[in-house]
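*Asks:* Quick one: the structure is below, and I'll ask about it shortly.
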Amino acid sequence: MLITDLILHPIAISDPPLRSSYGLHAPFALRTIVELKTDSGLTGISETYGGDGPLSGLEQVRHRVIGMDPFQLAGLSRDLTALASDEIASTPGGRSQTYLVPGENPLDRHMRTFAAIEIACLDLIGKATGKPVCDVIGGRVRNEVSFSAYLFYKHAPFDGKDDEYGEILSPDQCVRSCEQMIAKYGFREIKLKGGVLDPHVEILTLRALRDTFGPSYPLRIDPNCAWSVDTSVHVGRELKSELSDGGYLEDPCATLEGMGEVRSRLLAEGNDTPQGSNVAVTSFADVPRARELDAVQIVLSDPHYWGGMRNVQYLSHLTSVLGMGLSMHSNSHLGVSLMAMTHAAAACPNLTYACDTHYPWQTADDEVVVGGRVPFVNGCVRIPDKPGLGVELDYDQVARGRERYEKIPYRKRDDETEMRKHVDPNWKRVLPRW
Ligand code: GKR
Ligand code: MG
């Protein structure tokens, strides 16, 4: 089987006005749907970041991918990993995502490109062998993958229309959004995207969630580095019982050194709350230092920017050898990404935390997979009994996504500009803010 064509579909999907320390989500998130056509008649698919950057990265490997055997992934991985390593080595500050919205870090681009091709190749291999992707990459350790209720503070839509969740800018509104999400999807772990309101209000929000749902729903909060070391210690102290019970404190402050200090100060008080990261730790090279400083106990994987599904498995092995835990990060995405995340997570033995997903924030109108939205049962996505990723493209829906993409003026995620447009004309991402 040889690849005969690479087809890229840039699409835009509606996104609600979600807030984070990066700013505000724009009305549309950008994604790219990738198709690999082959001489055997099979087509492999994947979904990745959208806009000009990811598209040009994929265009750059077009000549390399066409004519390639999808079973032969190691050479492409070697070449793109080498490019990434050279760029990282020559960039002061390395790959930290602290100051860049996820998906926009130029230093991750080769790994993102490889991941998009790898996942489509694995879909092809699964289709060619009649096996689900998780079984192609070594076999599943679970038949269904658990996801968390990923809560955001958000504005009511600025166009005056209603959306499912309305405004979420207080503890009560946040609890209500969580009740809605749990009723609809059955999630059993809860993550709050913090770093938006005063830390005191975010502490009250976590307490209100614990009071409402009880300790059988582990909690995590992720302010994306919005807090100083002192504020992180304060929040960790105030939320000791809420976060140390199967949950974690995710990227409270910037840098591994900062997180290491938070960890040692909390431990000195007898507070063993683990810390998770997808900002300070974004590549294999970051893991030894994170371990050495005891800055991070749980690494958030993500097949989209860690360099594909098999790299997520390598990360699973590495973290397990180092005695660290593994979780999974997400960004706004549709069903093809959800299935790649699900297959990768199913084949990672130590991925015991419910994975993040933005899926509840997206709408059925924008879904590009045949049959519509991927179903969740008790907060889990089941591995379909089908070859490959187990989903196919609905080409009419892809065409609608492309039309939306053509109509909008922007080609990259810029949460700071959106924030200035709609909320505060002088807003800047200041770290730490508190
Ligand atoms: O969607 O605003 C967002 C999130 O902040 C996202 O971009 C982050 O990558 O969910 C992510 C995280 O865990 O940091
Ligand atoms: Mg995070």
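*Asks:* Which ordering of Met259, Met328 is given by a fewest-first count of other beta-carbon atoms within 10 Å? Each step should come with its number before you reach the end.
*Replies:* Values: Met259 30, Met328 26.
If I rank by nearby Cβ atoms, fewest first, I get Met328, Met259.
*Asks:* What residue among Glu47, Glu269, Glu189 shows peak mean-square fluctuation when the chain is described by a Gaussian network model with Cα springs under 10 Å?
*Replies:* Glu269
*Asks:* Find the relative contact order for the chain and round it to a whole percent, using C-alpha pairs within less than 8 Å whose residues are 6+ positions apart. Intermediate results must be reported in sequence, preceding the final value.
*Replies:* On the way: 924 pairs, mean separation 96.8, N = 434.
Contact order relative to length: 22 percent.
*Asks:* Report ³J(HN,Hα) in whole Hz for each residue of the range 153-159, in order, from the Karplus equation J = 6.51 cos²θ - 1.76 cosθ + 1.60 where θ = phi - 60°; Gly and Pro get x.
*Replies:* 6, 7, 8, 5, x, 6, 8
*Asks:* Also, quick follow-up: Can you tell me the relative contact order of the range 1-52? Whole percent, Cα pairs under 8 Å, sequence separation 6 or more. Walk me through the numbers before you get to the answer.
*Replies:* Details: 102 pairs, mean separation 20.4, N = 52.
Value for the range 1-52: 39 percent.
*Asks:* Quick check on the exposure proxy: order Thr81, Thr4, Thr32 from fewest to most C-beta atoms within 10 angstrom.
*Replies:* Values: Thr81 17, Thr4 13, Thr32 22.
Ascending number of Cβ neighbours within 10 Å: Thr4, Thr81, Thr32.
*Asks:* I need the shape label for the range 214-279. Rule: rounded when a/c is under 1.5, else prolate if a/b > b/c, else oblate, with a, b, c from the alpha carbon gyration tensor. Please list the in-between numbers first.
*Replies:* Working: a/c = 1.92, a/b = 1.34, b/c = 1.43.
In terms of gyration-tensor shape, oblate.
*Asks:* Working from Cα positions, state the angle (0 to 90°, nearest 10) between the long axis of helix 256-268 and the longest principal axis of the chain.
*Replies:* The helix 256-268 is inclined about 40 degrees to the chain.
*Asks:* So, one more: Indicate, rounded to the nearest 5 percent, the antiparallel portion of the DSSP beta bridges found entirely in the chain.
*Replies:* On the way: 27 of 47 bridges.
If we restrict to bridges inside the chain, about 55 percent are antiparallel.
*Asks:* Additional query: Please tell me the relative contact order of the range 89-231 in percent, rounded to the nearest whole number, where contacts are Cα pairs under 8 Å and at least six residues apart. Kindly include the intermediate steps, with their values, before the conclusion.
*Replies:* Details: 133 pairs, mean separation 26.9, N = 143.
Relative contact order for the range 89-231 comes out at 19 percent.
*Asks:* Computed on alpha carbon atoms, what radius of gyration and Dmax characterise the chain, expressed in Å?
*Replies:* 20.5, 63
*Asks:* Let me ask another. Hey, got the Cα dimensions of the range 244-303 along the principal axes, in Å, largest first?
*Replies:* 34, 22, 17
*Asks:* Here's a follow-up. As I understand it, the value is the acute angle between the Cα axis of helix 199-213 and the longest principal axis of the Cα atoms of the chain; what does it come to in degrees, rounded to 10?
*Replies:* 80 degrees
*Asks:* Could you run the Karplus curve 6.51 cos²θ - 1.76 cosθ + 1.60 with θ = phi - 60° over the range 332-344 and give me ³J(HN,Hα) per residue in whole Hz, x for Gly and Pro?
*Replies:* Residue by residue, the range 332-344 yields 3, 7, 10, x, 5, 4, 4, 6, 5, 4, 5, 5, 4 Hz.
*Asks:* Using a Förster distance of 41 Å, how high is the FRET efficiency between Asp198 and Asn143, based on the Cβ-Cβ distance and rounded to 0.05?
*Replies:* On the way: r = 43 Å, r/R0 = 1.04.
Efficiency at R0 = 41 Å is approximately 0.45.
*Asks:* Something else: Averaged across orientations, what area in nm² does the convex hull of the alpha carbons in the range 1-147 project?
*Replies:* Values: hull surface 41.9 nm².
The Cα convex hull of the range 1-147, projected and averaged over all directions, gives 10.5 nm².
*Asks:* When the chain is treated as a GNM, springs tying every alpha-carbon pair under 10 Å, which of Ser21, Ser327, Ser216 comes out with the largest mean-square fluctuation?
*Replies:* Of the options given, Ser216 has the highest mean-square fluctuation.
*Asks:* About the Cα centre of the chain, how large is the charge dipole given +1 on each Lys and Arg Cβ and -1 on each Asp and Glu Cβ? Please answer in debye to the nearest 20.
*Replies:* On the way: 45 positive and 58 negative charges, 65 e Å.
Computed charge dipole of the chain: roughly 320 debye.
*Asks:* For Val369, list long-range residues whose amide hydrogen, built 1.01 Å from N in the peptide plane, is under 5 Å from its own amide hydrogen.
*Replies:* Gly335, Asp394
*Asks:* Further question on the same structure: Under 10 Å, Cα contacts only: if you run a Gaussian network model on the chain, which one of Gln362, Gln397, Gln72 comes out with the highest mean-square fluctuation?
*Replies:* In the Gaussian network model the winner is Gln72.
*Asks:* Each residue of the range 226-243 in turn: what ³J(HN,Hα) in whole Hz from Karplus with 6.51, -1.76, 1.60 and θ = phi - 60°, glycine and Pro shown as x?
*Replies:* For the range 226-243, the Karplus curve yields 6, 10, 6, 4, 4, 5, 4, 5, 4, 5, x, 5, 5, 10, 3, 6, 6, 9 Hz.
*Asks:* If I take the Cα coordinates of the range 130-285 and project them onto the principal axes, what are the three extents in Å, biggest first?
*Replies:* Result for the range 130-285: principal-axis Cα extents of 52, 47, 31 Å.
*Asks:* So, one more: With the cut-off at 1.5 for a/c, could you classify the range 317-406 from its C-alpha gyration tensor as rounded, prolate or oblate? Mind dumping the intermediate values first?
*Replies:* On the way: a/c = 2.41, a/b = 1.98, b/c = 1.22.
Prolate shape, in that a/c is at least 1.5 and a/b is the bigger ratio.
Readers should treat all values here as calculations from the given coordinates under stated rules, not as data from a laboratory. None of these values were measured; they are calculated from a predicted model. Here the Cβ is made from the backbone with ideal geometry for all residues, glycine too, and neighbour counts use every protein chain on show.
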